1. What number comes out for the charge environment of residue 140, summing +1 per Lys or Arg and -1 per Asp or Glu over other residues with Cβ under 11 Å away?
2. So what's the chain giving for Cα Rg divided by 2.2 N^0.38 Å, two decimals?
3. Would you be so kind as to identify which of 135, 58, 124 lies farthest towards the positive end of the dipole of the range 5-145, taking Lys and Arg as +1 and Asp and Glu as -1 on Cβ and the Cα centre as origin?
4. Would you mind checking the tilt of helix 155-179 against the longest principal axis of the Cα atoms of the chain, expressed as 0 to 90 degrees and rounded to 10?
5. Go through 11-21, 183-193 and give me the packing order, highest mean Cβ count within 10 Å leading.
6. Any chance you could run the full-extension gain for residue 220 through residue 96? It's 0.36 nm times the residue separation minus the Cα-Cα distance, nm to one decimal.
7. On a 0 to 90° scale, report how tilted helix 66-75 is relative to the longest principal axis of the chain, with both axes built from alpha carbons and the result rounded to the nearest 10.
8. Out of the total accessible area of the chain (probe 1.4 Å, heavy atoms of protein only), what percent is carbon and sulfur?
Amino acid sequence: ALASGKENVVIVVRLRLPFDPQVIQRRTDDFEAATHDGKQFFRSLDAENTPCIYLPDSKTIVLAEEEQLKASIDEGGELGSRPEFEFVDASRHLAVAFIPNDPFSLTEALPTEGSGSDAMDRLTTAVKDQLLGVGLGVSLNDSLELEVRALCIDDAAATEVDASVADLMVEAKGLWTLAKAGVPTPIAGVVDSIIRAQKNSAQAEVASLSTRLSAQSIERAVEGAKEMLPMLMMGAMAGLGG
C-alpha cells in the first residue's frame, strides 16, 4: 500500500524496550534528518521505496510517506492503542493486527466455488463478509506459542467460524494420519506436537486458533535435522549431477 501511493498508510510500531535513534542516524546513505513543526523526522533518500520515519518517543516508531507523516505530526495527541485493536492479545511478544477500512476486503477474494473439502468450504462461507480484522500473536517463553484471532461482525459469526475451524482441524488430522508415514521423523514429531497442542475457541465476537511448540520439540527437531543434513546434501548433489 505504501508503494502504490494510493493509500494514506501510517504504520505505528510500539516496542517494549527503548529504540536507539542512532540506528537510523548512522545510516547516512539512506536517510537525512528533517524537521516539521519543530519535530525531527528522517526522510528517506530513496523516496520511491522507503517511507519516512518519525520517533515521537523512545518506544514508538511511525512510518509513512512524507506528507502523511507531516499530517500525523500536526494531529499530535496521544499515540495510545486504538479501541478497534483491543481484540488482539497485547501481552504477546509480537502482535500484528490487520483491520482494513473496508471490512469486507479481507474476504472478498475468497473463491466461491467448492474447494473439494467440505470443512474448508464451511469455513469460507463462515468468514465471507463476516470478518472485520485478523490478529497474529507470538510468544517465546519456555515454548513457542502461536495464536490467530479473527474479529467477526458479531457473536454468532464468531461461533460459526469456531465450529468451522474445529471441523477443518478434524479433517486436517485425518489427512496427517495418512501422510505421516512418508514424512521424515524430525518433521513428523514437530507436526505431532503442534497438532496435540492445537486449541480453538470463540469468545464474544472473537474466534481464536492457537498452538504451541515446546523447547524440547524444537531441540529434537534441530538434532534430527543435523542428522538428516548429510543425506539432504548428497541428494541435492546427485540432483545437480555431482
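1. After counting each charged neighbour, the total is 0.
2. Computed over Cα atoms of the chain, the ratio equals 1.29.
3. Farthest along the dipole direction, towards plus: 58.
4. Compared with the principal axis, the helix lies near 50 degrees.
5. The densest-packed peptide leads the list: 183-193, 11-21.
6. Residue separation times 0.36 nm, minus the Cα-Cα distance, leaves 41.7 nm.
7. 70
8. Of all accessible area on the chain, carbon and sulfur atoms account for 57 percent.
The values are calculated or read from the model by the stated rules, or taken from the named source; none is laboratory data. All values derive from a computational prediction rather than experimental measurement. Positions of Cβ are backbone-derived with ideal geometry, glycine not excepted, and every protein chain shown enters the neighbour counts. Surface accessibility is based on the protein's heavy atoms, side chains included, excluding ligands, DNA and RNA. Shrake-Rupley method; radii C 1.70, N 1.55, O 1.52, S 1.80 Å.
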